[in-house]
Amino acid sequence: MFDFIKKKTTFKKLNVISNKQKHIENSKSKAENDSGKSKQESNDQIPDKIEQVKAKLINEFSLCSDFNIRELVLGTLNVRMMIASLDGFFDKAILAENIIEPILNYSGEEKTASILTLLKERILCISDLREITRYSESVDAILNGDVILYTDNETTAFKIGLSSPEKRTVSEPDTEITLKGSREGFTENLRTNTILLRRRIKNANFKVENIILGKKSNTNIAICYIKNIAAPEIVEEVKKRVRRIDTDAILATGYIEQFIQDGRYPLFPVVGNSEKPDKVSAKLLEGRVAILADGTPTVLTVPFLMLESFQSQEDYFGEYYFSSMMRLLRVFCYFVSIYLPGLYVAVISFHQTIIPFKLMLTVAATREGIPFSAFIEALIMVVTFEILREAGLRMPRAIGQAVSIVGAIVLGDAAVSAGIASAPLVIIAALSGICSFIVPPLMKSGAVMRLIILIASSIMGLSGIGFVTFITTIYLCNKESFSVPYLAPFAPLQAEGLKDSLIIMPIWSLKTRPRALSQHRDLQRTTGKKLGSEGDS
Amino acid sequence: MIKRPIALILTFLLMIFCTGCWNNRDLTEYSILTALGIDKKDNDFIEITAQIIKPNAVSSSGAGSNGGGGDKKSFVAVTHVDRTIFAALRGLMNKVNNKIFYSSSQVIVIGEDLARSGICDYIDFVLRDHETQYTNTVVVAKGVTAKEIIEQDFELSKVPGAFIRDTVQNSVFRGFTKKINLLGMARELALEGRELSIGVISKPDQDTISEGLAVFRNDKIVGFMDKYQTRGYAYITNRVKSSVVEMVSKNDPKKVIAIELMRVSSKIKPKLTKDKKVEMNIQIKVSGNIGEQHSVPTQKNTDDFCMCVEKDLEEAIKQDCEKAVLICQKEFKSDIFGFGMHVYDDYPKYWSSVSNKWNEEIFPEIKVNIDVQVKILRTGLISKSIQVK
């Protein structure tokens, strides 16, 4: 039996290696493509005649009603200039006051240096100013909401960073509500998000690397990590995987999540999601890498371990004994949520012997006259619960009451009194459903696991449940998230990591970072708590 | 190398050969059995009585029990006569629509007639079958048939099997009967140096009483012990948990004192004398509280009174034990105490020379020394009785 398992695992490992080889080949072929592109870049220069630029831009942005071109002349020097931008991305008053006005009103006698230095040093009253020479870069900048200033007879243009698109204010996220701690949440604006993080980690080692993804959408992606804490291998791997993404559009970080996660069809989440800057900062400080995308308030953190699903930001904010209890409760609830319906079916249809006698009488009485087998009955109720949950999530808020009434009365009470489902099963379906909400990251995989276990239990009873558990455990032990074992610190066991696992010790005793993440680097987090007068002096 | 889907299918196929939960049968497709009665019917035939519960009538879940209870019985007793238990149980299927679920059985009642003619043949099935449970309590019906016990309806409980099991348990606490399950019964039957004894259930009038002990030699009943003798047996075999001992006061023979025993422990030590006679030394340590006393209202010193009561209690317990030993030695000639077992442990050579004639010749002649040590712990909330003035 165990030989068989070993064989299976090695076989999987081999597969992984062959996958890696494939990736290497892929990247090689890509590199060749890139070199081909560089040949084209020679004619990517900005034309020096402003008419040519104009024609080119108008051609590019034809039928774009939000594209604006403003031609003007530099004060007394009579140099023709052109401002190109997309309407609505910035404050027009700033453009008029700080750029157009100084240019038009310039009254210097003659040009001393080049026009460009003059503009840069004397005229343009703007902080974010960058010179660009490539035409395509200027188009990208326009698309990003910046203003481009072209000058006649020059192949260099100015990119003026005025971009401040409409954005939501920073507010508390609905998905992660905490009682203690920060109430800020990420917004759809990438810059706001990086600032929310930067404000918490005021350190030059906190790196924010930009990548543009999506052939059509050209979405800004930021990869954040703390140098010296995050393992460089992991950072490199993240960058490699992100760069490898070849798709039309990144409309949400969820797209990235699916592209970069380990394995093709993972049943358990291997990428973390969060909308809270304080949570993400904590994860960064543990040595994780965060991926932000413009337009999504959800931030991805990798590597993601199974244990993180049971952790909550509030666990670290005090009362470690209570937090430990809650963590154990969450783990218990997770098991309840995936096992309970299966266990019920197994016991009712295979192992009646293990039910206590009085309970058996009660269950037998409630199940009397129900036309379905326990499995069908459980399936109906579990699926019904999923329907209600989904309906509650998707419907417009105004219809909420109708759904809750229908759910509570019609499907709960009426199903029992009509003799379609038994009362214990309604309790079990509801309990396992509610328990699944306690561990949100595992909710989706939990719903699938619940069904798998339910089906296994209806075929094989308890040994079926045991079998599924066995297979799942092997699967989880084999699983890795960015080369970090998914079940760390339990498998492989790391004694220090257990302090912040199923239980949590007081924060001053968590002296090192998770060893699995920040492999051998900068491990010390705190030196512990100093007692007595030593600290006072 | 095997393709992954094939490997998965193979593992699922393996699952089918794993240990057997193959019998997918819903709980509603079972008839729940709570008690089983076995009686002897003329010559080789036996009569099986099965008590089958109607779950709906039993479970009184608030709203569901409209009109429940009433004069409707919560169970059905069905009988069938056949040559073997197995066949008889299958025969019950004529009268019951669902397959009978044996594992829920609480109590097995053996009829006196059957017990007199030997039970060994008949417990074979209940031990062999995989669905019956070894934890079933076994009792012997004295003076009535097992069928009557099974058909008995109890006001207090809708599950008569469980009711019988609980009353037996209550009597066990008081030392008036012995609770033995199927496994224990099989053990005592198979064990050398110890005879089988099973608790008794009788029905003197409307209600059943589970007090007393049926004494077996080999697998046949040789007689019954009354409840006090049973308590003697229980003292010696260390089975008394909390009993109330009533005894006559020495000062005033008309008045009684009742002692509640808190802790009883006993030790049996065999001794082989030089002339190859066996002596059993039984040491019983008892501690108890005074629960009720009518005798000495004007007793001055509580300590003196306790000393006095201790002596009386020693005497009373010793009497119970001696009576139990005597009736087993002289009348039944059956070593239910397991003296033989102790001899076997301490003097295996001697035992092998006498094991054939133990019950008939050696056991009745054994000298049994019973030493009782009593300690009165407390006198309850008052140290002296109320004095009427």
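Each value in this text was obtained by applying a stated rule to the coordinates, not by laboratory testing. Predicted model, so just to flag it, every value in this text is computed and none were measured. Please note: Cβ atoms are built from the backbone with ideal geometry, for glycine as well, and neighbour counts cover all protein chains shown.
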Per-residue average of other protein chain Cβ atoms inside 10 Å, peptide A:345-352 -> 5
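Give the order of B:H342, B:H294 when sorted by the count of other beta carbons within 10 angstrom, beginning with the fewest.
Numbers: B:H342 20, B:H294 13.
So the residues, fewest neighbours to most, are B:H294, B:H342.
Convert 20 °C to kelvin, take the viscosity as 1.002 mPa s, use the Kirkwood radius over C-alpha pairs of the range A:232-291 as Rh, and evaluate the Stokes-Einstein diffusion coefficient in µm²/s, rounded to a whole number. Can you show the working numbers first?
Details: Rh = 12.7 Å.
D, rounded to a whole number, is 169 µm²/s.
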Roughly what would the spin-label model give for A:V383 and A:S65, points 7 Å off Cα along C-beta, in nm?
-> 4.8 nm
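When the dipole is taken about the Cα centre of the protein assembly as shown, and only Lys, Arg (+1) and Asp, Glu (-1) are charged at their Cβ, what size is it in debye, to the nearest 20?
On the way: 118 positive and 107 negative charges, 388 e Å.
Dipole magnitude for the protein assembly as shown comes out near 1860 debye.
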Cβ-Cβ cut-off under 13 Å around A:P489, Lys and Arg +1, Asp and Glu -1: the net charge is -1
Tell me the label-point distance for the pair A:I471, B:N369, using the 7 Å Cα-to-Cβ offset, in nm and rounded to one decimal.
-> 7.1 nm
For the range A:292-412, the Debye formula with one identical point scatterer on each Cα and no solvent gives log10 I(q)/I(0) at q = 0.09, 0.13, 0.15, 0.17 Å⁻¹ as -0.48, -0.90, -1.05, -1.12
Considering the Cα trace of the range A:138-280, what is its radius of gyration and what is Dmax, both in angstroms?
-> 17.7, 61
Can you work out the PRE-style zone for B:D346? Point 7 Å along Cα to Cβ, and I want the residues of the range B:260-274 with backbone N under 13 Å.
-> B:267-274
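Counting every Cα pair in the range A:194-268, what percent are over 20 Å apart? Walk me through the intermediate numbers first.
Values: 1110 of 2775 pairs.
Above the 20 Å cut-off, the range A:194-268 has 40 percent of its Cα pairs.
Order of B:M280, A:M325, A:M505 from fewest to most other C-beta atoms within 10 Å? Can you show the working numbers first?
Values: B:M280 20, A:M325 12, A:M505 16.
In order of increasing Cβ crowding within 10 Å: A:M325, A:M505, B:M280.
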Compactness of chain B, expressed as Rg and Dmax over alpha-carbon positions, Å = 26.0, 102
Between B:V81, B:V248, B:V107, find the one with the highest GNM mean-square fluctuation for chain B; connect C-alpha pairs within less than 10 Å.
-> B:V248
Gain in span if fully extended, B:N97 to B:S385, counting 0.36 nm per residue against the direct Cα distance | 97.4 nm
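When a/c is below 1.5 the answer is rounded, else prolate if a/b is larger than b/c, else oblate, so apply that to the range B:182-226 with a ≥ b ≥ c taken from the square roots of the Cα gyration tensor eigenvalues.
Details: a/c = 3.45, a/b = 2.16, b/c = 1.60.
Since a/c reaches 1.5 and a/b is larger than b/c, the shape of the range B:182-226 is classed as prolate.
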Share of pairwise Cα separations in chain A, more than 41 Å, in percent | 41 percent
What is the packing order of peptides A:286-295, A:252-261, taking the mean over residues of other C-beta atoms within 10 Å and listing the highest first?
-> A:286-295, A:252-261
Subset of A:K207/A:K240; B:K271/B:K375; A:K240/A:K444; B:K285/B:K330; B:K142/B:K220; A:K279/A:K530 violating a 18 Å alpha-carbon distance limit | B:K271/B:K375; A:K240/A:K444; B:K285/B:K330; A:K279/A:K530
Isolated Cys residues of chain A, judged by Cβ distance under 4.7 Å to other cysteines = A:C64, A:C125, A:C224, A:C477
Check the straight Cα-Cα distances from A:K529 and name the lysines below 19 Å, setting aside those fewer than 8 residues away within the same chain.
-> A:K499, A:K511
When each pair of different Cα atoms in the range A:85-138 is counted once in the 1/r mean, what is the Kirkwood radius in angstroms, to one decimal?
-> 12.8 Å
Stretch A:T169-A:I455 to full length: gain in nm at 0.36 nm per residue minus the Cα-Cα span?
-> 98.3 nm
Please state the Cα pair-distance histogram of the range B:140-247 with 10 angstrom bins from zero: what percent is in each bin?
-> 15, 45, 33, 7, 0
A correct fewest-to-most ranking of B:Y228, A:Y150 by other Cβ atoms within 10 Å would be B:Y228, A:Y150
What FRET efficiency comes out for the pair A:N43/A:A402, r = Cβ-Cβ distance, R0 = 41 Å, nearest 0.05?
-> 0.05
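Using the Cα atoms of the protein assembly as shown to build a convex hull, what is its mean projected area in square nanometres?
Averaged projected area of the protein assembly as shown's Cα convex hull equals 64.7 nm².
For the range A:356-467, what is the convex hull (Cα atoms) projected area averaged across all directions, in square nanometres? Before the final figure, lay out the partial values.
On the way: hull surface 32.5 nm².
For the Cα atoms of the range A:356-467, the hull's average projected area reads 8.1 nm².
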Tell me the label-point distance for the pair A:I434, A:L143, using the 7 Å Cα-to-Cβ offset, in nm and rounded to one decimal.
-> 5.1 nm
Given 0.36 nm per residue, what is the gain on full extension from B:R116 to B:K250 after removing their alpha carbon distance, in nm?
-> 44.0 nm
